[in-house]
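Structure first, then comments.
Rule-based calculations on the coordinates, nothing more; no lab input. Values in this document were obtained by computation on a predicted structure and should not be read as measured data. In this analysis, Cβ positions are derived from the backbone assuming ideal geometry, glycine residues included, and neighbour counts consider all displayed protein chains.
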Amino acid sequence: MSDHPIAETQQESKQPLIIKTHTTQEHQQQNPNQETQETHLDKTLQTLKSYLLLLGFDQSSFLRFGLSWVLFLVIGVLIPVVILVLTTNCEVYQIKGFELFIVASHACLAAVALLCLSHNLRKYGIRKFLFVDQYNGQVERFSKEYIQKISDSIRLLVLWVLPCLILKITREFIRLMYMHHESWLKSFGILVALTFSWAYVNFIYLSSCLVFHLVCNLQIIHFDDYGRLLETETDVLVFIEEHARLRHDLSKISHRFRIYILLLFTVVTSSQFGMLFQITEFSDKVTFINGGDIAVSTIAQVVGLTLCLNAAAKISHRAQGIAAIATRWHALASCGPDDSSNMRFPNATLSAVSSESDLEAMNYIPVPTNTQLTSNLTSYHRRQAFVMYLQNNPGGITLYGWTVDRSLINTIFFIELSLVLFVLGRTTLLESGLKVKEYELLRLNFSDTLTPAALVLVFRSTSILVSNGARNQPGHWARDCHAN
């Protein structure tokens, strides 16, 4: 009898050692994998930082600040302006007004991107700026997802830039075939300089848009994890604290990018309407050769703005969807398979009752006490308060109080459409209406008598027809180009 307790004591003393050894081995097996993922994440972030440094976003020192802006002014502004001013003026193959306006609009977008993004990178650093710093304690769990999102963003940048770059090079080659200068070498040099300048400023602009897109996508990882947390945890206080942290991160993102998004939207909208005014007021024929840059630049500008608005709307939609998940969780917890699902008995009570026979067990079914009813009611009120908290605090990317979601994007779209139709009505339709009125007056005056007013209208209409006919004659544009 004395040996049996000793054996039990030895068995009890050995069992924690086995569990401790097993957990230690699991920790040792997981630790190299975590270190490998962190090293891979560090390399990925370093690659992204080097790419941003190459484009001039890293302005942490006075030397880098000066070098970045000098390169931008020389490559993005000075080179294309000098080439466009000094080249031959031939509106058949190149319209200087269009080209200079495109250079100005792209330079403004690139300047906005450099100012806003370099300020945030200089102030926070790449890790805190992307919310992947070590202090949040999320790097170990989400390293794989972080790397995947960064790789997807770089792939998305290449996917959008390459078609625009191919269109730009194709347009420049076609224009080179029709409008070559003194030598083919000089023409090829102008083509390379203009294409490189265009690619430089567009890479700066689209890269800044992709950085904002990446920041929002990294936050989507945390919101997806929060949705999984509702399936495992039951403590409402943990849910509220985690949601408050996520909303705080979204408010930081909104504060850092609100000026950038507003300036981006203003510049893109202004440039699009400026191009629309110039096209509608231009008297000659606009072709892909002399106006192709307008189409390519419009695609690049709209793509960047769409990426920003899409990322903001996506994270806002994901943040607002948390309330629906919590409501479903509250409903499932309150209305289980039966009404007493939340009043289950402890395991010790169930085991004591199951040891009796069926008839005897009926006499020993415990009745829920006031303490159990109070705890169940308290749990229900906590869940209800949590659901109301989520419904009244949806979160999302905001611009001075306006949440960037799908309804706001629809509003922006219809405002832009109304402005476009207004511009078209003020330019194209108004001119067409004036011409119709002139021909109506001309017909009425011919039907009566030739008055002095009718003679003036005849002279104006004849001059318009003659000038348009001369412009439409074959070889007219070629003579203008050779004359210039």
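Packing order of peptides 295-303, 164-172, highest average first: 295-303, 164-172 (average count of other Cβ atoms within 10 Å over each peptide's residues).
As a proxy for reagent exposure, GLU231, GLU140, GLU145 were ordered by neighbouring Cβ count within 10 angstrom, fewest first; the result is GLU231, GLU140, GLU145.
For ASP58, the residues whose amide H sits under 5 Å from its own are LEU53, ignoring neighbours fewer than 5 places away on the same chain, with H placed 1.01 Å from N. Protection proxy ranking, highest mean first, for peptides 401-409, 106-114, 261-269: 106-114, 261-269, 401-409, where packing is the per-residue count of other beta-carbon atoms within 10 Å, averaged.
Fewest neighbouring Cβ atoms within 10 Å first, the residues MET388, MET177, MET275 line up as MET177, MET388, MET275. Look at TRP198, TRP160 and count the other Cβ atoms within 10 Å of each Cβ; fewest to most, that gives TRP160, TRP198.
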